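Down below is the structure, laid out as structure tokens.
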Amino acid sequence: MEESSRGQQLLSTGEAARRDGDTEAARAAFSEALLLFRREGDLSGEALALTRQSQIARDTGDLDWALHDQAEAIALYRRAGDGLGLARALRHAGDMFLEQQALPRATAYLHEALDIYRADIDTPPLAMANMIRSVALLATALGETEAARDYWTDARERYAALGPLFPDGNAGVREAEQRLAALG
């Protein structure tokens, strides 16, 4: 339990370093957290540390490495039975496949994540709004205009309902409205 607590501290330290643009410090903190969680047998903690490492790789433009870490995290979340962690990791992997224009893989990952989120009553509203945004981007990329319009409308409504979370303006609502206008 002590290591798990130390692992959580390292994840927080790594996130702070990432926000400050200190990639090396973030990577070192996430790596140390990963080792602690692994030693303790905390599958969800290990998976979370891997998703953070994946984000560092994504931030630096290395999608192949990011997807490698994300795939390992997905396997760990499955073994742990952590549905929401799995859905979040699947969504991020799907987003990366979408960035690579690997649309069949993006479709599989994003729709599995959407199914998990829809089935879990504890899905946080922001997580669901972000999920709907991802499938809206996918539908747009696939040229599925009506589905894209439906998803963007849903995303706009979900982000609008979260207004108090965005005191400086709601970027989710703005993006959804722009995407809807572009769809005609």
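Rounding to the nearest 10 and keeping the result within 0 to 90°, find how far the Cα-based axis of helix 171-183 lies from the longest principal axis of the chain. The angle comes out near 40 degrees.
Qualifying GluC sites (Glu not before Pro) in the range 128-180, where qualification requires a DSSP coil assignment and no more than 16 other C-beta atoms within 10 Å, comprise Glu144.
Among Gly163, Gly94, Gly172, the largest mean-square fluctuation in a Gaussian network model of the chain, built with springs joining Cα atoms closer than 10 Å, belongs to Gly163.
Going by accessible surface with a 1.4 Å probe and the largest first, Ser44, Ser12 read Ser12, Ser44.
Taking the inverse of the mean 1/r over every pair of distinct Cα atoms in the range 43-94 gives a Kirkwood hydrodynamic radius of 10.3 Å. Within the listed set Ala29, Ala108, Ala47, the residue fluctuating most in the Gaussian network model of the chain (springs between alpha-carbon atoms under 10 angstrom) is Ala108. Between the range 82-109 and the range 1-45, the alpha-carbon centres lie 23 Å apart. What you get for the chain, charging only the Cβ of Lys and Arg (+1) and of Asp and Glu (-1), is a dipole of about 200 debye around the Cα centre.
Axis of helix 125-141 versus longest Cα principal axis of the chain: the two differ by about 60°, to the nearest ten degrees.
Matching the structure-derived semi-axes √(5λ) of the Cα gyration tensor in Å against the labelled list (i) 36, 28, 17; (ii) 30, 18, 16; (iii) 24, 23, 16 gives the label (ii). Between rounded, prolate and oblate, where does the range 1-98 land on the alpha carbon gyration tensor, with a ≥ b ≥ c its root eigenvalues, rounded for a/c under 1.5, else prolate if a/b exceeds b/c? In terms of gyration-tensor shape, oblate.
For the residues Leu90, Leu36, Leu110, a GNM of the chain with alpha-carbon springs under 10 Å puts the largest fluctuation on Leu36.
The values are calculated or read from the model by the stated rules, or taken from the named source; none is laboratory data. As the structure is a computational prediction, the values presented were derived from the model and not from experiment. Counting neighbours? That spans all protein chains shown, and the Cβs are built from the backbone with ideal geometry, glycine included. These accessible areas exclude ligands, DNA and RNA; they are computed on the full protein's heavy atoms, side chains included. Shrake-Rupley method; radii C 1.70, N 1.55, O 1.52, S 1.80 Å.
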